[in-house]
Every structure is written in structure tokens, then in C-alpha cells.
Amino acid sequence: MNEDISFQKEALKETQLVIDNSAVNIDIQFDDPTKRKYDRLYNVFKNLSTSHRIWDITGAHFQDRVAARSSASTLVNRRDAKIGLRLLPIINSNYEALYFQNRNGADLYLYPTFILLYTNDKNFALIGIDELNVTFSSVNFTETSTVPQDSKVIRKTWAKVNKNGTPDKRFKNNYQIPVVQYGRLRFSSSTGINEEYQISNFEFAEQFGNAFQEYKTLCRVIDRMN
């Protein structure tokens, strides 16, 4: 793993030169401590991929709660997204990539030493693992669709609600709406990555966020030692 971190930039330069259907061979070898950290990341990602619903947040805007008679101050645009283990034809690696579908841009492929932003074989970019930030947080979402089986309802609100949270009795057939706790994973970098996902399984999202940070921290330590 030490050599992989040391020669990471050279590997990225080599991969950037791929402009046809040829493939770059990347054989990643771990030392034992790094392998244990990556194996944990790999396994919690597999758990994450079993979440009942995964959404790519493609946009968000402020909502005047008083005018809308709503408990939600932000309206989000979200689309179902897929994540899982995948292989790409332009990279021959002994490790599968951790794949995140991007519904409005390049998909994310996380390899042990770099991140590939991939649209097609002629349109892709790479950054080092140390350049990617993955931030986990909790989000309370007013769910007007079906609540996923692996999510937790933390409270109820109303379709039309007063500022103090009570139902607005001016509206007939006012009904309750569940507020659900989801996990939020935000991917960002100084090079322009800005992606956000909502995950129905809060615990799996939290585990992935923590495991990625632990692995990234270890990679930085190894890089400084070389």
C-alpha cells in the first residue's frame, strides 16, 4: 500500500491518457493495517447498497413555511439512484469500484487510491482519495411518499400546519405526514465535486461515512511517511 500511495499521482497521469478502449492495469497491494481499514470500508459499502431507497439530491430551494403552511423550510429535488460494486472496461484492477450513480452528471467510482468521475470512455476525470471529502449527517425529511421499511419515523406533522406546529383548521381533510430520519452523504472536493445522497438506512449511511474518513486518514498518514 505504501508504494500505491507514493505512486498515486503517476497512476492518475497514466490513466488520464486513456482516450480509446484500451485499459490501464492497476494492481493494488495492501499492508495488513491498511487492508483491514479498506475491508471495513468495502463491507459497510455493501451494507449501504442494500438500503431500501437511495436518492440523488439534484436540487434544493428555500420555501416560505408560513406562506406554504408547511413544516418544511426546504424543498428538494431527488431521484432514485443506484450504488454497488462495479468494474469499468478502461481500468483493470484487482479491486472493484464502489459505484455511486449521479443522476445529473458524471458517476463516481471509488477505488482504493483514487476516485474516477466517469461519463464514458472519452469523458472522465480523476482525483486522489485524499482530495475527496465524504460528510455524513442526519436529515429529518417530511415524507409525502411511502416510508421505506428500513427508515425510522421520528414524528408526525400535518399537510397544512400553523407556525407552532398545530394543524391549520382552515383546510378541510387536513392529514398527517410522517417526518422520517434519513442519512445524508455529501461528496465534495476543491476540484468541483458536489454531490449529495439521501439514504433510507440511517445506520448504514453513518457507518459508511465513518469508515471512509478512517480509511482516508490512514492513507494520509502513510503518504506523509513516504
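Kindly indicate which of Ser138, Ser151, Ser145 is within 22 Å of the chain's Cα centre (by Cα) and within 21 Å of Asn104 (Cβ to Cβ). Break it down stepwise before answering.
On the way: Ser138 fails: within 21 Å of Asn104 (Cβ to Cβ); Ser151 fails: within 21 Å of Asn104 (Cβ to Cβ).
It is Ser145.
Looking for something in contact (Cβ under 8 Å) with a residue 60 or more places away in the chain, over 30 Å from Phe30 (Cα atoms) and part of a strand (DSSP E or B) - is there at least one such residue anywhere in the range 133-140?
Within the range 133-140 (the criterion being in contact (Cβ under 8 Å) with a residue 60 or more places away in the chain, over 30 Å from Phe30 (Cα atoms) and part of a strand (DSSP E or B)), the answer is yes, since at least one residue qualifies.
Taking the residues in the range 92-104 that are within 14 Å of the chain's Cα centre (by Cα) and in contact (Cβ under 8 Å) with a residue 60 or more places away in the chain as candidates, determine which candidate is nearest to Arg79 (Cα to Cα).
Asn102
Find the residue count for the range 89-105, including only residues that are out of contact with any Phe, Trp or Tyr (no Cβ under 6 Å at 6 or more places or on another chain) and either closer than 18 Å to Val24 by Cα or open to solvent by less than 30 Å² (accessible area, probe 1.4 Å) (or both).
Number of matching residues: 10.
Please go through the range 105-131 and give me each residue that is in contact (Cβ under 8 Å) with a residue 60 or more places away in the chain, under 15 Å from the mean Cα position of the chain (by Cα) and in a loop (DSSP other than H, G, I, E, B), ordered by number.
Answer for the range 105-131, where residues must be in contact (Cβ under 8 Å) with a residue 60 or more places away in the chain, under 15 Å from the mean Cα position of the chain (by Cα) and in a loop (DSSP other than H, G, I, E, B): Gly105, Tyr111.
Of the residues in the range 181-207, how many are part of a strand (DSSP E or B) and either under 12 Å from the mean Cα position of the chain (by Cα) or at pLDDT below 95 (or both)?
In the first step, residues of the range 181-207 are kept if they are part of a strand (DSSP E or B); the result is 181-188, 194-199.
From what is left, the residues that are either under 12 Å from the mean Cα position of the chain (by Cα) or at pLDDT below 95 (or both) are 183-188, 194-199.
The total comes to 12.
From the residues in the range 1-57 that are in contact with a Leu (Cβ under 8 Å, 6 or more places away or on another chain) and modelled with pLDDT under 55, which one is least open to solvent (accessible area, probe 1.4 Å)?
The residue in question is Thr15.
Output the number of residues of the range 142-161 satisfying the condition of being in contact (Cβ under 8 Å) with a residue 60 or more places away in the chain, over 23 Å from Arg79 (Cα atoms) and open to solvent by 40 Å² or more (accessible area, probe 1.4 Å).
2
The values are calculated or read from the model by the stated rules, or taken from the named source; none is laboratory data. Computed from a predicted model, the values in this text were never measured in an experiment. FYI the Cβ positions are ideal-geometry reconstructions off the backbone, even for glycines, and counts take in every protein chain you see. Side chains included, ligands, DNA and RNA excluded: accessible areas come from the protein's heavy atoms. Shrake-Rupley method; radii C 1.70, N 1.55, O 1.52, S 1.80 Å.
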